[in-house]
Each structure stands twice: as structure tokens, then as C-alpha cells.
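The values are calculated or read from the model by the stated rules, or taken from the named source; none is laboratory data. All of these numbers come straight from a predicted model, not from anything done at the bench. Here the Cβ positions follow ideal geometry from the backbone for every residue, glycine too, while neighbour counts run over all protein chains shown.
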Amino acid sequence: MFALYKKELQFYLNNPIGYIVIVLFGVFANFLFVKDIFLYGSASLRPFFDILPWLMMVFVPAVAMRTFSEEKKNNTIEILLSLPISETQIVLAKFFALLTIVAVGLLLTLSLPVSLYFLVTTTGSRIYIPELLIGYLGQIFMAAAFLSLSMFYSSQTKNQIIAFLASVITIFFLIIFSTDFVASFLPFIIQTGLAYLSPITQVGALSKGVVDIRAVYYFLSFIIVFLFLTIIDVERRD
Amino acid sequence: MILLKSVSKWFGSQAAVDEIGFEAKKGEIIGFLGPNGAGKTTTMRLILGLLRPTSGKILVFNEDPLHKRLNVLANIGYLPENNPLYGEMKVWEYLQFISDVKNLKNPTDITDLAVQLDIEEVLEKKIEELSRGFKQRVGLAAALLGDPDLLILDEPTSGLDPIEQDKIKDLIKKISKNKTVIFSTHILSEVEDIASRLIIIDRGSIVYDGKKPKGRGGVEKLFKKSVKK
């Protein structure tokens, strides 16, 4: 499994597209937060964590779209399936390789808390580090959930663009389920149910620095369900 | 080593292979001959557990290739049709990757195979930069890593020029000692040169299974007699 993890990781490290996507994510994430940093009125990264899902909506599917689509298109999936490695190992190796790439993208945003730390110490305030760490953990959970979804779509088609668009559209709807915009025209009960399904609702507590076990369960369930569906697809022998 | 009993594979209402059966013993080199779409690739994919048979029984090394997939595949080398490879990888990276997935301990295997298959000069090159002949040899090297007992080669000389075809044929003859080899082709001379046994498949059914006819042109005569127009 480690050999495939390494191979997948090397694809991004030896490919300019990998760097371009990661750097673009870092640049946009930093810019979108910094441009309004003096308007927030508090030394918190919560506004930044509110921006991230929208960026991940594009960044994560862009990284994950080729995972299985390209293997199927080039028929290299036949190489993998003729090697002594299980379908579960194939899916997990690819998932963790992609998660590593996404984590590197998130690492590029660490300049923000560092800058914020120096900025607020001059005013006598401070940044609460555990809140920051739990906030980042929440973002990693959310990225992993989006990844599992995007990998599932990638396993369904040979066309990377279709996989990308299907992932972006699904994530878009999952995000807007929790917004006031949806609440304004849907009955309260439906809106409450949909809001619960939204990763934005679930990541909210983690972004505030609260370890909400329900949110952790939600993300783990989401990830397991979509990885399981992907494994089922790879196991198909029709 | 391989046993197929009344195996059928249907895709919708179309039978790709219909009630086929044969046994392959250790050391045999079986030429799988048939026109395009006859069911050669489907049969090979069934043996590897890449397809689930609609009916019938398949045993490879006395195990079901679908349910004991990892055990079975650990001892098979496979060269798929059209030889798909990871073009962005260097040749040695690719072979190292296959070696790692097969959990092979001996790093000299790759060097030895590179010498044997004459690909030393391209080890540092990206696969996508190679000629078709070299790509085919890389695919063969990957199949041979770990010295598997069973080799399944799906049209190993397809798309190659006659000189490269001869080179690959010589290689297969060289590497096939003490192994069971099943190779598919629609090039009749290939079977005459390499195979010890011949299976002709036509429209999903085995129409001949036996010794290779002696003499030049024997395979061609048999093929024409066996395959419906």
C-alpha cells in the first residue's frame, strides 16, 4: 500500500500542475483573508475558516478528479488490479496521498496565524493556540470528506472534467444547505435537516475551537461511506 | 495450474465466451489464437479475476481467482492488451513500483531483467518517451518481476514492426522456460514459432485445442479450417 501511496504522491511532486494547484490555493486563501483582516475586529481565524470551504470546493475536486478517471481512461487500472494489492488498499493509498497534498496546501496558509500572532501581540491581545489547532483539524476533516466524495465521482467516469464538475456541484449544494439563502425559501423542517447534512454546520463548532464529537462522527461517517462506495466500484467485475 | 470448466461470460445479451473449458499444465506454452473479438482477452481477464464469469468454474493454482485474488495474483505476470503503462514515470521508477507492490525483496531483480530484456539504456527515461518496442519490453519486464510461475501475455507483439516482433518472440521463448505461458495473438506465425499447444477460439467458443500442427503453414491451414467466415 505504501508503494502506491508513494507513487501517487510522486505524481503531484513531479508534475507542475500539482504545484500550480497547491500554490494557487495558498495564494487565494491568504489573499482572501488578508484583504479584510482589519475589518474583522478580532484576532481570530474564524473568518478565514469561513472562506476555506469555498476554496476547497474547487481545490479538492481539482486534485482528486484524475484519481480513477485517468486510470480507467488509460486502462492502467488493469495493471493495478492484476497486482497483489487489494481494492481497499488501492483506494486508501490514493486517498491518503491526496490528503497529504491537501494538507500541504493547508500548511501554506499557516503564514496567516503566524502573521496574526505578531500583529495582535503588539496590541496586547493573544491568539488561543488550541482553538487554532482544532480549527485546522476541522478543515482537514472537511477536506478529507470532500476528497472521498470526489474520489467516488472519479471512480464513476473516465472523464476527469465530469468528475470535477459533479464534485464541485455536489459540494456547492452541501455548502449552501446551511446558508440563510436556502433557509429563506424552504420550510423550516426541511431546512433544518439539510443544514445538518452540510459540512459547514458540522465544521462550525470545530472552527470555534470546540471538539464536537458529533461533528467528528459526521465527518468520519461521510468519509467512510464514500470511500466504501469507491471500493465497491473498484471491486466491480462486470 | 489453470482449470476452466464450462465458463461463460455474457455482456448483456452478448456472449463473449460461451461454455469454454481447458486445462493448462506447468511448463506449457499455449498460443491463444482467434480473430478480433473472438473472446481471447475476455478469457485471459477471467483467468486473472478481472472479470466475474456469468457461469462456470475457474481455478488458478487450485484457487478461485476472484475470492483468493491476492494469493493467485502473487504468482502471475500479466501483460495487458495495448500494454497500458504509467507514461509519466521513469522506467526504473515503474519497475521499482511494481517490485514494491509485489513485495519483492531482491533489488537486483530489476537490474537482471533490464539486462535480459535489453532495456538498460532506457532505465532513466520516461516511459512516454519510449518507442513502442521498448514500451513492450518494459511491460514484459514488469510481468516478469518476481519470477512468476504463470505468464499471461495479451497480444504481446501487437502494433510492432516485424523486427521488433521477432525480438519479442525471441524474448518470450527465452523467458518461458519452466513457466506456464498463455499468450494471445492473431498472428499465425507467432504460434508456429513459440507455442507448444494451440487453442483456437472463435465467437466465444473453443474450436480447437491440441498440439500445434507440424510444418510451415500447418497452423494457417488449421486456423482457416476451424474459424467460420
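Given the structure, is B:R45 under 21 Å from B:S184 (Cα atoms), facing another protein chain (nearest Cβ under 9 Å) and without any contact (Cβ under 8 Å) to a residue 40 or more places away in the chain? Walk me through how you get there before you give the answer.
On the way: under 21 Å from B:S184 (Cα atoms): yes; facing another protein chain (nearest Cβ under 9 Å): yes; without any contact (Cβ under 8 Å) to a residue 40 or more places away in the chain: yes.
Criteria met by B:R45.
Hey, any hits in region B:14-29 for a residue that's farther than 24 Å from B:A195 by Cβ and within 9 Å of chain A (Cβ to nearest Cβ)?
no
Give the residue, chosen from A:F141, A:F181, A:F173, that is over 17 Å from the mean Cα position of the chain (by Cα), of a type outside the set (V, I, T), assigned to a helix (DSSP H, G or I) and surrounded by fewer than 22 Cβ atoms within 10 Å (Cβ to Cβ).
Working: A:F141 fails: over 17 Å from the mean Cα position of the chain (by Cα); A:F173 fails: over 17 Å from the mean Cα position of the chain (by Cα).
Result of the check over A:F141, A:F181, A:F173: A:F181.
So which of B:L79, B:L85 ends up being among the aliphatic types (A, V, I, L, M), at the interface with another protein chain (Cβ under 10 Å from one of its Cβ atoms) and surrounded by 23 or more Cβ atoms within 10 Å (Cβ to Cβ)?
On the way: B:L85 fails: surrounded by 23 or more Cβ atoms within 10 Å (Cβ to Cβ).
After ruling out the rest, the residue left standing is B:L79.
Where residues in region B:88-136 are of a type in the set (V, I, T) and at the interface with chain A (Cβ under 10 Å from one of its Cβ atoms), which of them is farthest from B:I168 (Cα to Cα)? Let's see the steps before the verdict.
Residues of region B:88-136 that are of a type in the set (V, I, T), as a first pass: B:91, B:98, B:101, B:108, B:110-111, B:115, B:119, B:122, B:127.
Next, only the ones that are at the interface with chain A (Cβ under 10 Å from one of its Cβ atoms) stay: B:98, B:101.
Working: B:I98: 21, B:V101: 25 Å.
Once the filter is applied, the top-ranked residue is B:V101.
Write out, first by first residue and then by second, each pair whose Cβ atoms fall under 6 Å of each other, whose residues are 6+ apart or on separate chains, and whose first residue, in region A:1-21, is aromatic (F, W, Y) while the second is assigned to a helix (DSSP H, G or I) and at pLDDT 85 or above.
Once the first residue is aromatic (F, W, Y) and sits in region A:1-21, its partners that are assigned to a helix (DSSP H, G or I) and at pLDDT 85 or above give A:Y5/A:A93; A:Y5/A:F96; A:Y5/A:A97; A:Y12/A:I101.
Exactly one condition in (1) touching a residue at least 12 places away in the same chain (Cβ under 8 Å); (2) within 14 Å of chain B (Cβ to nearest Cβ); (3) β-branched (V, I, T) is false for A:T76; which is it?
The single condition A:T76 does not satisfy is (1).
Tell me which helices (runs of 4 or more DSSP H) are completely within region A:1-109 and hold 2 or more residues being over 20 Å from the mean Cα position of the chain (by Cα), among the β-branched types (V, I, T) and under 30 Å from B:I152 (Cβ atoms), or say none if there are none.
Numbers: elements: A:2-13, A:16-34, A:46-64, A:66-73, A:77-81, A:87-107.
Answer list for region A:1-109: A:77-81.
Would you check if there is a residue in region A:96-109 being within 14 Å of chain B (Cβ to nearest Cβ), out of contact with any Pro (no Cβ under 8 Å at 6 or more places or on another chain) and of a type in the set (A, V, I, L, M, F, W, C)?
At the first step, the residues of region A:96-109 found to be within 14 Å of chain B (Cβ to nearest Cβ) are A:97.
This time we only want the ones that are out of contact with any Pro (no Cβ under 8 Å at 6 or more places or on another chain), so: A:97.
Imposing the further condition that a residue be of a type in the set (A, V, I, L, M, F, W, C) reduces the set to A:97.
Yes; the residues of region A:96-109 include at least one that is within 14 Å of chain B (Cβ to nearest Cβ), out of contact with any Pro (no Cβ under 8 Å at 6 or more places or on another chain) and of a type in the set (A, V, I, L, M, F, W, C).
Please find, among A:I162, A:I171, the residue that is out of contact with any helix residue (DSSP H, G or I) (no Cβ under 7 Å at 6 or more places or on another chain) and at negative phi. So that I can check it myself, show each step before the final result.
Working: A:I171 fails: out of contact with any helix residue (DSSP H, G or I) (no Cβ under 7 Å at 6 or more places or on another chain).
Selected residue: A:I162, the only one of A:I162, A:I171 that is out of contact with any helix residue (DSSP H, G or I) (no Cβ under 7 Å at 6 or more places or on another chain) and at negative phi.
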